[in-house]
1. Got a number for residues in the range 160-176 being within 16 Å of the chain's Cα centre (by Cα) and assigned to a helix (DSSP H, G or I)?
2. Which one is surrounded by the fewest Cβ atoms within 10 Å (Cβ to Cβ) among residues in the range 141-198 that are over 16 Å from Ser65 (Cβ atoms) and of a type in the set (A, V, I, L, M, F, W, C)?
3. Can you spot a residue in the range 41-51 that is charged (D, E, K, R), touching a strand residue (DSSP E or B) at 6+ places or on another chain (Cβ under 8 Å), closer than 18 Å to Ile203 by Cβ and surrounded by fewer than 19 Cβ atoms within 10 Å (Cβ to Cβ)?
4. Taking Cys71 as meeting all but one of (1) over 19 Å from Thr192 (Cα atoms); (2) touching a residue at least 12 places away in the same chain (Cβ under 8 Å), write down the number of the exception.
5. How many residues are in contact with a strand residue (DSSP E or B) (Cβ under 9 Å, 6 or more places away or on another chain) and either outside any loop (DSSP other than H, G, I, E, B) or crowded, with 17+ Cβ neighbours inside 10 Å (or both) when one looks only at the range 23-33?
6. Out of everything in the range 56-83 that is part of a helix (DSSP H, G or I) and touching a strand residue (DSSP E or B) at 6+ places or on another chain (Cβ under 7 Å), what residue ends up being surrounded by the most Cβ atoms within 10 Å (Cβ to Cβ)?
7. Would you say Glu157 is over 16 Å from Lys73 (Cα atoms) and of a type outside the set (Lys, Arg)?
8. For the range 113-124: of the residues being buried (at least 20 other Cβ atoms within 10 Å of the Cβ) and out of contact with any Gly (no Cβ under 9 Å at 6 or more places or on another chain), which is farthest from Leu11 (Cα to Cα)?
Amino acid sequence: MAKQLGFYVNLADCSGCKACEIACKDRKELPLGVRWRRVYEYGGGEWVADGDQMVPSGVFHYFVSTACMHCEKPICMEVCPASAISKRDDGIVLIDPDKCIGCRYCSWACPYGAPQFNEEAKVMTKCDFCVELQAQGQNPACVDACPYRALEFGDIEELKAKHGELNDPAPMPDPSLTHPAIVYTPHKDTRTSQSGGGQVLNID
């Protein structure tokens, strides 16, 4: 493989505004309920007694923007019975709607919940890394939409060299499952998938 394209997210700069989500839905004209990019709000802590008052203790909070991880070992591709999922030479993982039978195996297998069923088209869909924009030398829609420039994309090894190798901030799953093509700059409150200690605060 020539290279592996991936995403970079600066958790320290992400404000949770969801401009990336909106840009993705608009660009891809996604129907209600289908979200190729999601912004998770993650936090934790507790209230403890301090005399006659309750005060916060160990409180933390941050946002994680996520989409398909275009994994180096995409389990979605492994479980697809119709061979509808493929991985390009640049690492981008795509679903062929003409081959997809809508069985949802890929959705059940993916630890990130990236593949989503399109009720209108009756096929699975997911982030395609805006391949049509990249072919024109442009950035993915989510990258350009971020007002804080907290999103980047490029060769994952170059992104790691520039930004470090953190790839498992909570609530993301253990990266050893699929080796996601993603790297993050941590927020000061960032927990890892192993330490956790919080919960997703925006389930919908």
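The values are calculated or read from the model by the stated rules, or taken from the named source; none is laboratory data. These numbers come from a predicted model, not from an experiment. Here Cβ is always computed from backbone atoms with ideal geometry, including for glycine, and neighbour counts include all displayed protein chains.
1. Residues of the range 160-176 that are within 16 Å of the chain's Cα centre (by Cα), as a first pass: 165-176.
Next, only the ones that are assigned to a helix (DSSP H, G or I) stay: 175-176.
So the answer is 2.
2. Per the stated criteria, the residue is Ala161.
3. Going residue by residue through the range 41-51, those that are charged (D, E, K, R) are 41, 46, 50.
Retained after the next criterion (residues that are touching a strand residue (DSSP E or B) at 6+ places or on another chain (Cβ under 8 Å)): 41, 46.
Then keep just the ones that are closer than 18 Å to Ile203 by Cβ; that gives 41.
Going one step further and asking which of them are surrounded by fewer than 19 Cβ atoms within 10 Å (Cβ to Cβ), we end up with 41.
Yes: the range 41-51 contains one or more residues that are charged (D, E, K, R), touching a strand residue (DSSP E or B) at 6+ places or on another chain (Cβ under 8 Å), closer than 18 Å to Ile203 by Cβ and surrounded by fewer than 19 Cβ atoms within 10 Å (Cβ to Cβ).
4. Tallying (1) over 19 Å from Thr192 (Cα atoms); (2) touching a residue at least 12 places away in the same chain (Cβ under 8 Å), Cys71 fails exactly one: (1).
5. Here is the first cut: in the range 23-33, the residues in contact with a strand residue (DSSP E or B) (Cβ under 9 Å, 6 or more places away or on another chain) are 28, 30-31, 33.
Next, from what is left, pick out any that are either outside any loop (DSSP other than H, G, I, E, B) or crowded, with 17+ Cβ neighbours inside 10 Å (or both): 28, 30.
Total satisfying the criteria: 2.
6. First, pick out the residues of the range 56-83 that are part of a helix (DSSP H, G or I): 75-79.
From what's left, touching a strand residue (DSSP E or B) at 6+ places or on another chain (Cβ under 7 Å): 76-77.
On the way: Cys76: 26, Met77: 19.
Among residues in the range 56-83 that are part of a helix (DSSP H, G or I) and touching a strand residue (DSSP E or B) at 6+ places or on another chain (Cβ under 7 Å), the one surrounded by the most Cβ atoms within 10 Å (Cβ to Cβ) is Cys76.
7. Working: over 16 Å from Lys73 (Cα atoms): no; of a type outside the set (Lys, Arg): yes.
When the stated conditions are applied, Glu157 does not pass them.
8. Pro115
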